[in-house]
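Have a look at the structure below, then the notes.
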Amino acid sequence: MMKTFSIGGIHPSDKKISKDCNIEILPVPAKVYISMAQHLGAPATPIVKAGDSVKVGQVIAEPAGFISAYVHSSVSGTVKSVGPRKDLAGNFVTHVEIETEGDDWAEGIDCSDTLITEIPEDNKAILEKIKLNGVVGLGGATFPAHVKLSPPPGKKADCLILNGAECEPYLTSDYRIMLERSKEIVIGAAIMKQVLGGCPAVIGIEENKPEAIRVMSDAVAELQKTARGYDGISVMPLKKKYPQGGEKQLIDAVMKRQVKSMGLPIDVGAVVQNVATSLAVYEAVQKNMPLISNVLTVTGDCLPMDRQHNYKFRIGMPLSYIAEYAGGIPEDAAKIISGGPMMGKAIAELDASTVKGSSSLLYLTAAQTMRGTESACIRCGKCAEACPMGLEPFLLQKYARNGMMDELEENAVQDCIECGCCLYSCPAYIPLLDIIRIAKGDVIRIIRGRVQK
Amino acid sequence: MTQTIIWTIAILTILGMVLAVVLYLVAEKFKVEEDPRIDDVEKVLPGANCGGCGQAGCRAFAQFCVESEDMDKCFCPVGGNDVMQQVAAVLGRTVAAKEPMVAVVRCNGTCENRPKTNEYGGYQSCRVKAALYSGDTGCSFGCLGCGDCVAACQFGAIEMDPETGLPVVDEEKCTACGACVKACPKNIIELRNKGRRNMRVYVSCVNRDKGAVARKACKAACIGCGKCAKVCAFDAITVENNIAYIDFTKCKLCKKCVAECPTGAIHAVNFPVVNKPAAPVAAKPVAVAEAKSVMNKVEKSNEPVKKEE
């Protein structure tokens, strides 16, 4: 019996249409716009100004707080401007505009394909490298990786979980890197595990990706045979269920431990990192390569098979450039989503640029995005059954609509992970998540305000 | 038989008398002293329980009025000065009349002025929409048009104009309770002085982007050029964060700023028509000229007919 998380969850059709498309490398456009807010926490402070010439991998912005990250130039050329530009939600964010000239890399970066299996011993130096190279979690939340890898004093990691679940329908970027960069991912896992004090590492992959499970297992076996420091790494096939890739759900599936309300994974001895983050850690530590590129899926039902792609992009490329390069926007696409169809965001500004955490350009048709007309709750309880956090969305939405903050807190609205299972399962088309998300923000603000007092 | 009845009556009578004494004693012991004036004040209040006064409801406000030393702190926006005069009369105090206020929508981003850049297909709520993204137009400060303010108004004083997509305040019905001000996630609605004979001058824009960016997103945006502040003789206009603001306590309704504004972002409402400059006056002669030319045509076309006769 394969493992999975214990409560709730849904089974949307996985639609991994682009799973057999190799990762292609996108050519560098004439101009890139690098956002200063590519990570969770305070936006980075730019340290370049218009007229400066920069090389690929050069630091262009420094972290502006403890939870913040370095940002590097993804191209070589001249800085044209530093100023506000719209992100994909249409909000103004400081961007550094760079005009590309050639492809001149900064010194000390190893661009070769040679695999380095020897893991450096100095953990402090490793963490410093991860921090300086701007590595952030690439699973969606873009939380700075070095912060997650330094547990607070008194807390110890019992297990490092590598998230290869990729439970969102359509997305195949993690799948492709697991097939094509399997060894690098395992080395990255070994590095992180060493930093965390030698705890075991588990790579969780859903059963709908048998090829990835096989390739990753082979990579682990081979590295364990040929090099030192790879003991205790294993691949764990997981039953397919959404949202398996949620941090708390994955910990439940792999370790059978539950993170308490408002708690952190480290409280139960778990550290979860995405497989793409592991790859970024490998490149940062072994190759001294900053996080300036990632893999993105261009997909959708309305795209023919030959126009489905997995691209390796450099950060700062405008989304419109990628869409254009991939053959333009299909005519019947009504909505373009960045991220998966469950938790991704509709793009309001196609001229917005890619960020470290960009994972897809997903074209949905009008029929797929249409919302049904809202009707009254019929008390079927489907939303409560589907909620992976064990909440009662029908109740929460009632409280939220009436502004009953105390009741919302008692019923743990702050634990909502915004996975969208309730909205997906509701036969009355009640906008459960839309309403609960707002209430969650309000309640968390109240709780924080109370702590500060 | 008669004895049973007599006994029953006797026992019940005694029981009743004993319980009456107990109830009397309990009532005396636990008596709550409440100022009778609270009831009197509550009777005068409108009973909307809207919370516009800052209290939990009309009863709470009545209590607040009775307990409060300073009548200036108490004001019922729904009842206005009339009700406050009555409250003062009940309490045997005097109260200074306050300027009546009205909710003002500070956005003129009509469909024409502010073209849509994308289509919003989500849940129709301004708060939800604002949490998701900047909105379906180029302006990230303007009205989102989902009508949270309409839902918040207990007096039916706000309605969405289907043509412009903006909310319209009915000045007669608006009580300035401030519910819409709190409901608007973009802080567009402001409570402003009703003004002499309802005349008001205000900046109908809250866009804090730089001039060029704001202008590109909306034809009627305030670009923060500061021309209005220069022309104002009463220091009523301040320009901060690329947006002009007219202080209604200083504004003397001279309307110099209205003529000066290059984008028409400053609105003057309810001014008598005779004072209105250029546009409407110019419109009339055109209409008359048109009418005349039409009449001429009719006369001319009639001429040949007459000749035939």
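The values are calculated or read from the model by the stated rules, or taken from the named source; none is laboratory data. If you're wondering where the values come from, they're calculated on a predicted model, not measured in any experiment. With ideal geometry, Cβ positions are generated from the backbone for all residues, glycine too; neighbour counts draw on all protein chains shown.
Table for the structure above
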item: A:Arg214 being at pLDDT 95 or above, over 18 Å from A:Thr117 (Cα atoms), charged (D, E, K, R) and surrounded by fewer than 21 Cβ atoms within 10 Å (Cβ to Cβ); result: yes
item: In the stretch A:58-81, residue farthest from the other protein chains (Cβ to nearest Cβ) [restricted to those that are out of contact with any Ser or Thr (no Cβ under 7 Å at 6 or more places or on another chain) and of a type in the set (Val, Ile, Thr)]; result: A:Val59
item: Test: A:Gly139 is on the phi > 0 side of the Ramachandran plot, in a loop (DSSP other than H, G, I, E, B) and away from chain B (no Cβ under 14 Å); result: no
item: Failed condition for B:Val206, given (1) modelled with pLDDT under 90; (2) closer than 26 Å to B:Gly165 by Cβ; result: (1)
item: Which numbered condition A:Tyr170 misses (of (1) at negative phi; (2) of a type in the set (Phe, Trp, Tyr); (3) not in a helix (DSSP H, G or I)); result: (1)
item: Selected residue (criterion: nearest to the other protein chains (Cβ to nearest Cβ)) from residues of the stretch B:114-145 that are of a type in the set (Gly, Ala, Ser) and assigned to a helix (DSSP H, G or I); result: B:Ala131
item: Pair list, Cβ < 9 Å and 6+ apart or interchain, from the stretch B:198-220 residues that are under 29 Å from B:Phe271 (Cβ atoms) and charged (D, E, K, R) to residues that are modelled with pLDDT of 90 or more and in a helix (DSSP H, G or I); result: B:Arg208/B:Ala214
item: Failed criterion for A:Gly441 (all others in (1) within 14 Å of chain B (Cβ to nearest Cβ); (2) in contact (Cβ under 8 Å) with a residue 24 or more places away in the chain; (3) within 17 Å of A:Met343 (Cβ to Cβ) hold); result: (2)
item: Filter pass, B:Gly92 being in contact with a helix residue (DSSP H, G or I) (Cβ under 8 Å, 6 or more places away or on another chain) and at pLDDT below 90; result: no
item: Strands (runs of 3 or more DSSP E) (entirely within the stretch A:307-391) containing at least 3 residues that are within 14 Å of chain B (Cβ to nearest Cβ); result: A:333-338
item: Verdict on A:Lys80 being touching a Pro at 6+ places or on another chain (Cβ under 9 Å) and more than 21 Å from A:Met289 (Cα to Cα); result: no
item: In the stretch A:305-340, residue farthest from A:His95 (Cα to Cα) [restricted to those that are touching a residue at least 40 places away in the same chain (Cβ under 8 Å) and among the small types (Gly, Ala, Ser)]; result: A:Gly340
item: Residue in the stretch B:262-278 that is nearest to B:Val231 (Cα to Cα), counting only those that are modelled with pLDDT of 85 or more and in a loop (DSSP other than H, G, I, E, B); result: B:Pro262
item: Subset tally (residues that are buried (at least 19 other Cβ atoms within 10 Å of the Cβ) and more than 21 Å from A:Pro243 (Cα to Cα)) for the stretch A:152-163; result: 1
item: Search result, residues across the stretch A:1-60 that are in a loop (DSSP other than H, G, I, E, B) and among the charged types (D, E, K, R); result: A:Asp14, A:Lys15, A:Lys16, A:Lys49, A:Asp52, A:Lys55
item: Which numbered condition A:Ala141 misses (of (1) of a type outside the set (Asp, Glu); (2) buried (at least 19 other Cβ atoms within 10 Å of the Cβ); (3) under 13 Å from the mean Cα position of the chain (by Cα)); result: (2)
item: Condition broken by B:Val150, with the remaining ones in (1) more than 14 Å from chain A (Cβ to nearest Cβ); (2) outside any loop (DSSP other than H, G, I, E, B); (3) under 30 Å from B:Ile38 (Cα atoms) satisfied; result: (3)
item: Residue that is touching a residue at least 60 places away in the same chain (Cβ under 8 Å) and of a type in the set (Val, Ile, Thr), where the choices are B:Val87, B:Val78; result: B:Val78
item: Of the criteria (1) farther than 30 Å from A:Val295 by Cβ; (2) modelled with pLDDT of 95 or more; (3) out of contact with any Leu (no Cβ under 6 Å at 6 or more places or on another chain); (4) not hydrophobic (A, V, I, L, M, F, W, C), which one A:Arg379 fails; result: (2)
item: Residue match in the stretch B:228-247 (condition: at positive phi, modelled with pLDDT of 90 or more and within 14 Å of chain A (Cβ to nearest Cβ)); result: yes
item: A:Gly41 vs. criteria assigned by TED's automatic domain parsing to the domain that holds A:Ala165, at pLDDT below 95 and touching a Pro at 6+ places or on another chain (Cβ under 8 Å); result: no
item: A:Ile67 vs. criteria part of a loop (DSSP other than H, G, I, E, B), among the aliphatic types (A, V, I, L, M), in contact with a helix residue (DSSP H, G or I) (Cβ under 7 Å, 6 or more places away or on another chain) and surrounded by fewer than 18 Cβ atoms within 10 Å (Cβ to Cβ); result: yes
item: Residues of the stretch A:398-434 satisfying the condition of being within 11 Å of chain B (Cβ to nearest Cβ), in a helix (DSSP H, G or I) and more than 24 Å from A:Gly245 (Cβ to Cβ); result: A:Ala400, A:Arg401
